[in-house]
Structures are given as C-alpha cells and as structure tokens.
Amino acid sequence: MSSAAPPPPRSPAATPDAAASASPARTRVVRAPPRPRPRRAHPGATPPEWAERRPAVSVDYDRGRREVRAEVEGVGAAALPARHRLRVEGSRWQRDWKVSEAAARVLALPRAEAGAVDAVLNCWAGRFARRNFPLLIREITISGNLQHAVHVFRWMKNQDNYCARNDIYGMMIRLYARHNQVDQARGLFFEMQEWRCKPDADIYNSLIHAHSRAGQWRWAINIMEDMLRAAIPPTRTTYNNVINACGATGNWKKALELCKKMTENGVGPDLVTHNIVLSALKNGAQYSKAISYFEIMKGANVIPDTFTLNIIIHCLVKIGQCGEANELFNSMRERRTKCPPDVVTYTSIMHSYCVYGQVENCKAIFDLMVAEGVKPNIVAYNSLLGAHASRGMHREALAIFNLIKKNGLRPDIVSYTSLLNAYGRSAQPEKAREVFNKMKKNSCKPNKVSYNALIDAYGSAGMLKDAVGLLHEMEKDGIQPDVVSISTLLAACGRCRQITRIETILEAARSRGIDLNTVAYNSGIKSYLSFGDYEKALELYTTMRESNVKPDAVTYNILISGSSKLGKYTESLRFFEDMVESKVSSTKEGKLSEAESTFSSMKKSGCFPDVLTYTTLIQAYNADGGWKRAWDLFKEMEVNGIPPDAIICSSLMEAFNKGGEPERVLQLMEFMKKKSIPLNQKSYFEIIASCTMMRDWKTASEMIEYLDSSLSSISVGTLNHVLNFLGKCGKTENMMKLFYKMMTSCSTVGLSTYAVVLRNLLVVGKWRKYIEVLQWMEDAGVHPTLYMYQNVLPYIWRENGMDFAATMQEKISSLRDKQTWPY
C-alpha cells in the first residue's frame, strides 16, 4: 500500500518567522488616480463653467449704488497641481483671485507700466494654470486698453507654463486693429508662426480687417492670397473685409471685381456685402452707378435695410434728385417696422433742403426727427445751423448754436465755422471775429475752412487790410493758405477798389507755390476789369491759358461783359469766338447776365419790355434760385402798368416754392383772384405744393375740387402729386374717386400713378382694394413690379387670406424666373 505524496516544502519566506527574518520587501506606494486631462474644446462647444462670463450685481445700500459687471471664475488655487497648490497655500502674499478680479486690478493701475503689471499678476495664484491665460487676455482686450494688454501679454510669455495659442494671438491682433496699429498686428501674425501656431481663418480675417480699417487694400488682397496658398478657403467675412478695404479708399472698380470673384468661388454675397459695395461706389463718387446697383439688388430680391437706403438717399441728393430722395424717405417712414429712418436719414434729407436754400423745410425735418423720438447728433445740428448760415440768418444760427450746448453736446469745428459764416454773410465781421476767438479759447483749433470763412467776412465788408492780416495769422498758426484763400482776397480787392493789392496777392500765391484755379483767375480778371484796367485783365487771361487752366463760361462772360462796358467791342467779339472754338457751353450765370444786360439795353434804347420779356427774365431768375429779384421785377412790371398773365404768375409761384416761401404763393393766388387772372395747370401744381409745405389742408382741398372740371387737360405729374397729397392726408376715398376719374378721363395712366395709389392704400391697410388695383393694372397692360406683389403679402397673411396669398406667390415666382443677377 503506497502512501500519499508528501506536500512540497514551503519556502523559508513562506512562514511567518522566516518572513520576519528575511530582508524587507519594497514598500508599495498607493497613488491617487491621475486627473483626467481637459479635452480641447470644439470651437462650437459650450465653454466650461469656470470659463463663462457670468453677470454679477453688487448693491451698496449705504451709498445707494448698484454695480453690474461680468465675472469669470477661472481655475482657482484648489484645482492647481500639488506642487503649485502647496506653494500658494504656504505663502501669505499669494491671492486666489478670480480671473475677472485679476483683470480689474490690472486695469485699475493708473499707468500701464511693466513693473506695476508684473507686481499685480505675480501675486495671483491663478498664474500657475495656463488655462487662465486666454481668459485673462480676453478680459483685458474687451476693455479696449491696448497698453495694459501689451504688458499683460509680455508678462504671460515670460511665465514657465505659458503655451502659445491661436485664440490669444487672435484677440491681440483684433485689439491692434481697433487701435489702427497695423504694423504691430502684422508683427504678431508672423510671431505666432514662429511659436508654431498655425493661423486659421479667424486669424486671417482679423488681420485683413486690420488692414481694411487702415485702408491698405493691397495688403488685404495679398493676405487673402496667402490664405489661399495655405489651403484655407476664404469665408464671406474674408471677402467682405477685403471689399471694404477697397471701398474705403474709393477703389470701386476693384470692389466690384472682388464681388464678382466672390460669387464665382461659390460664396454668395449677403446684405452686408451689398452695403459695402454701395459704400465703395459712394466713396468713389459713382452716385448713378450706386443707384443702378440698388435696382439690381431689388431685382435679385435682396431686402435693403436702413443703412442701404441711407446710402441711396445720399446718392440721390448728390445727383440732384431730391424729389426721389424725399419719396424714399417717406417710404421708410411708412415701413417703420422694417427700415426705420435714423439720424443719418434725417440729416441727409436736411442736407438736400439746405443745398437748395429751403431753410423752412430743413427746420421742419429737424422738428419731425425730434417729434418721432430720434435724438439729433452734432451732425444734424450742424446741418440745420449751416442751412441758416447760408442765408445769413445769424439770429437763428446763434439760437441753434446755443441749443447744441443746452442739449449736452459740444460744438465742434463745423459748428463754430457755420456760426462764423452766418455773421460774415450778414455783414458783421466783428461778430465773426468774436466767434473765431471764442473757438480758439474753447480749445477748438481753427482749420483752413474757418480761416477762409473769416477772410471772406472781412473781404465782403471791404476790410481788405484785416483780411490780408488774417492770411499772415493763418500761416503763424501752421496752416498754409490755399487757392480758396487767394480767390477770396482777389474778389475782396475788386470790392475795395484797391488795384495795387491784386499784384501783391498774386505774388504771394506764386511765392507760396499755390497754383491758381479757374475760380481764382476769374476773381482776378473781374477785379481788374472793375477798375477799367483791360491790359492787366488780358495779361492775367493769357497767363491762365499758358498755365493750362481751362476757362469756363464764367470767364468768358466776365471778359465779354467787361470789354463791352469799356467800349472794346472788337475784343468782346474775339472772346466770344474763343468761347465758341473752345466748345464752352453757357452756364446759368452767363445766360442770366446776358439776359439782364439785354433787358437793360432795351429800357435805355426806349424799347419798353412787354409781359413776355418780363416772363422770360423771371424764368431766368427762377432757374438761378433768385426769388427776391423775380419778385422785385414783378412789382416793377406792375408799376410800369403792364398787366400780368397766368404764365408769369405761375413762374413766380415756382420761384417762391424753390426759395422756401410758400406763404407768398397763397398771397399771389389771392392777387390773381382779385385781378380775375385764371389759374392754369402750373398754378394748381404750385399752389398744392405750397399747401403741402404749410400743411394747409383746407386750401388744398379747395384746389382739388377745381381740378375735377378740367381733369383731361392736366398733366399726369400734377395729378400724381394730388393723389399723393390726398393719401397722406388720410382722405383715401377722395383719392380713389380722383383715380377713377383719371382712368376714365385721361388717355394714359402710367406705372407711377398706380405706384402712388398702391402705396397709400397699403398705409391704411386696404389690401383688398390694393389687389383690385393690381388687377386693373394687368387689364390695362401695365405690368406690376415684383415689389408691388411682395409688399402686400404681410397684410394678406395677417388677415389669413390664403387664396390671395397663393395667387401672389405664383406671380412673384413667375417674375423671379425672368430676372437674373447681372454684374
């Protein structure tokens, strides 16, 4: 019988005694599980709680103050690694501030010095967490303080745990762009690549934006090309910034070329792009092209905003289409919820009235702006002040100037210059000088325009010595006189009858290198001829031709008129032949002077003018904007016993309306009734226009009743004006009655008439009648525009008219298919 196998011998270390006697084993260290490393956040992901900017409110009940701010927690001392946390906890000088608190302490430093910034940030425990660095630089850059940001960024790079990041460089580049320091922004762009940070699309866009703000469009284009070489596709923001860089310098051709390239590359333009292109056309003085581009936008169904319409209003005013600008302004007021007019809109309309000397209308627009809750800025006040100054209305100009200060605004150089100009045009040079001195006393340095306005004030008053002395004062202040200064002084010499001064002023212009333009030569030639010095005038004219300065119609008019007065008829005829050979067309001023000369010759020769002659000269004054001279001529005609007719009265009414005197139109209407002079078509138009300016609805309604009997003989333009007037007065039924009569009496009712009726129907919400009129248009063979169909859709949806909406949508779709986007 075999026994069981003995168990294997135990090793000495297996027994307790042996284990005690054996050499000790290695101590087992139990470590805490490693902290999970924070993952890199996706650009579109929500930031962690410690990186969010959260609003915080603190209330001091003792002082009655409340402070609202944004706070960022950041990585605190408790979350630091052990080696840094022990170092912080064992020091009495380290502070566990939040990121926002550390940024506030840096920004509170009175001067951004490197040592002061380092002293504050070296006491911050959060500096040991590199995740706090982007948060800190973000808080500093949001404040816009460049010097503090530069010192913080330098301190950051000197830290041992600093790691270069794209977002840090992007924030610094954008801050440099805000302060127009393009070279520094470009230097950071190259520096980040040395630190092995690869620029992304946001970095490129920030750098392009920096060059765009500085107007360096060639650099912006080069950076976009570098972006393409780096295989980073440009975004819509990239193209917008580059186009804006071209447009800011007026390079509209390059802006249009980039816009076309943008579309070809599959990045469609948006409203911002279109606004930038319109701004480029405006800056390049391409006003007609801007209006054409706007029509293309409407054809492509791009809905404009207030900024777009402001540009178009500005362009319409520049090309003299003030009526269209006013219509666009009124449409903005009607569509207040979509494109509300802002202070820029009102200021542009005020400027349009100011250009034509309609001060009352300019004041009415300003009052309307205040009544509708739009707060005027200094530009709006200056426009109103300039309108009164151009007419020499110094009391009203002073009242507006005081109103600027009363409303908490500080008058700028334009305000002071306009007030100075008001006193100068009212022949008060001493008052103008007081305003000039007050401007310098209030730390508002005069510019070249201010000096020229004061020179003109002295020259107009015959104070030539003071005007010349002001020219020397101008040079002492470091402002070089220009050709406007010389022209003003030359004209003053003619007024003061000092021929010797003309040579002195011309020599002063030569010594200062000022090249005379056509206006300056005209002033000098006119001054010589006023003294009867034909040889000097001819010598100056010869110098003008040798200097390749082209004479205009005013030059030849001065020479012809001056030679005739001196009895040099042969020379006068020779100047006329020169004008014909030079293909210089007569201007309004030349025609007016010629008409006045002929009129005076008729009276001297015993050939008394008739009503036709007076009518012709009044129409010439009307074209020149001189309603006062037209009114004086009308009174002279009455004194001479020549009875006026309807034509001359209507021409005088037009002159009154252009000169901003609508009250005189109604006075002239009463005069016509008293003299039994029948009202013609033009008289009706001017009377209704004046009633519109004065808001005299009663008289306007009476005029409209007279129109019914002679409707077929009145022009469509006059009737459109009446229709628009009735619609704005809220008399929609009367407007429709007149419209029905027009359709039955007038041979043609065009698109403009339908547009007036449709616009006023929508204002009162009568969309069913609107659709009915659209149907009449189609039946009459007049094709409605795309906007006519689109404008009524919101009203139909509001009333749940789904059947009408479906019909409108079909018509809109058919029109869109016919339209394309041409560049």
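Each value in this text was obtained by applying a stated rule to the coordinates, not by laboratory testing. Keep in mind the model is a prediction, meaning the values are calculated, not measured. Cβ sites come from the backbone with ideal geometry, for glycine too, and all protein chains shown count toward neighbours.
Annotations
- Contour excess over end-to-end distance, with Cα ends at residue 475 and residue 810 and 0.36 nm allotted per residue: 113.6 nm
- Inter-probe distance in nm under a simple model that places probes 7 Å from Cα toward Cβ, at residue 69 and residue 673: 7.3 nm
- A straight Cα-to-Cα reach below 15 Å connects residue 526 with the aspartates and glutamates 503, 535, 539, 552, 589, residues fewer than 8 places away in its own chain not being considered.
- Rounded to whole Hz, the Karplus (6.51, -1.76, 1.60) HN-Hα couplings of the range 208-219, x for glycine and proline: 5, 5, 4, 6, 5, 5, 8, x, 8, 6, 5, 4
- Measure of compaction for the range 638-695 (Cα Rg per 2.2 N^0.38 Å): 1.06
- Whole-Å distance, taken between Cα centres, linking the range 341-369 and the range 240-296: 28 Å
- Length released on extending from residue 699 to residue 636, taking residue separation times 0.36 nm less the Cα-Cα span: 19.8 nm
- Packing-based order for 775-784, 233-242, using average beta carbon neighbours within 10 Å, highest first: 233-242, 775-784
- Shape category assigned to the range 172-277 from the gyration tensor of Cα positions, a/c cut at 1.5: oblate
- The range 229-303: translational diffusion in µm²/s, Stokes-Einstein, Kirkwood Rh over Cα pairs, 25 °C, 0.890 mPa s: 197 µm²/s
- Note on residue 503 and residue 295: the extension gain reaches 69.5 nm, defined as 0.36 nm multiplied by sequence separation minus the Cα-Cα distance.
- Amide H within-cut-off set for residue 71, under 5 Å, with H built and near neighbours excluded: 54, 56
- GluC sites (Glu not before Pro) within the range 99-198, DSSP loop, no more than 16 other Cβ atoms inside 10 Å: 113
- Tensor-based shape of the range 112-154 (alpha-carbon gyration tensor, a/c under 1.5 rounded, otherwise prolate or oblate): oblate
- Hydrodynamic analysis of the range 275-340 uses the Kirkwood radius over alpha carbon pairs. Inserted into Stokes-Einstein at 37 °C and 0.692 mPa s, it gives a translational diffusion coefficient of 277 µm²/s.
- Approximating the spin labels as points 7 Å out from Cα along Cα→Cβ, the residue 443-to-residue 798 distance works out to 5.2 nm.
- Cross-link reach list, lysines versus residue 406, counting only Cα pairs under 23 Å and skipping chain neighbours closer than eight places: 363, 375, 431, 438, 440, 441, 445
- Placing one equal scatterer on every Cα of the range 193-345 and applying the Debye formula, the log10 ratio I(q)/I(0) at q = 0.09, 0.16, 0.20, 0.21 Å⁻¹ is -0.33, -0.87, -1.19, -1.27.
- Reachable lysines, given that their alpha-carbon falls under 24 Å from the alpha-carbon of residue 282 and they are not under 8 places away in the same chain: 253, 254, 260, 261, 298, 318, 338
- Computed from label points 7 Å out along Cα-Cβ, the spacing between residue 159 and residue 261 is 4.1 nm.
- All-pairs alpha carbon distance profile, the range 149-213, 10 Å steps from 0, percent: 22, 57, 20, 1
- The convex hull of the Cα atoms of the range 388-442, projected and averaged over all directions, covers 3.3 nm².
- At R0 = 41 Å, FRET efficiency that the Cβ-Cβ distance of residue 379 and residue 190 yields, to 0.05: 0.50
- Relative to the Cα centre, the charge distribution of the range 388-442, modelled as +1 at Lys and Arg Cβ and -1 at Asp and Glu Cβ, gives a dipole magnitude of about 120 debye.
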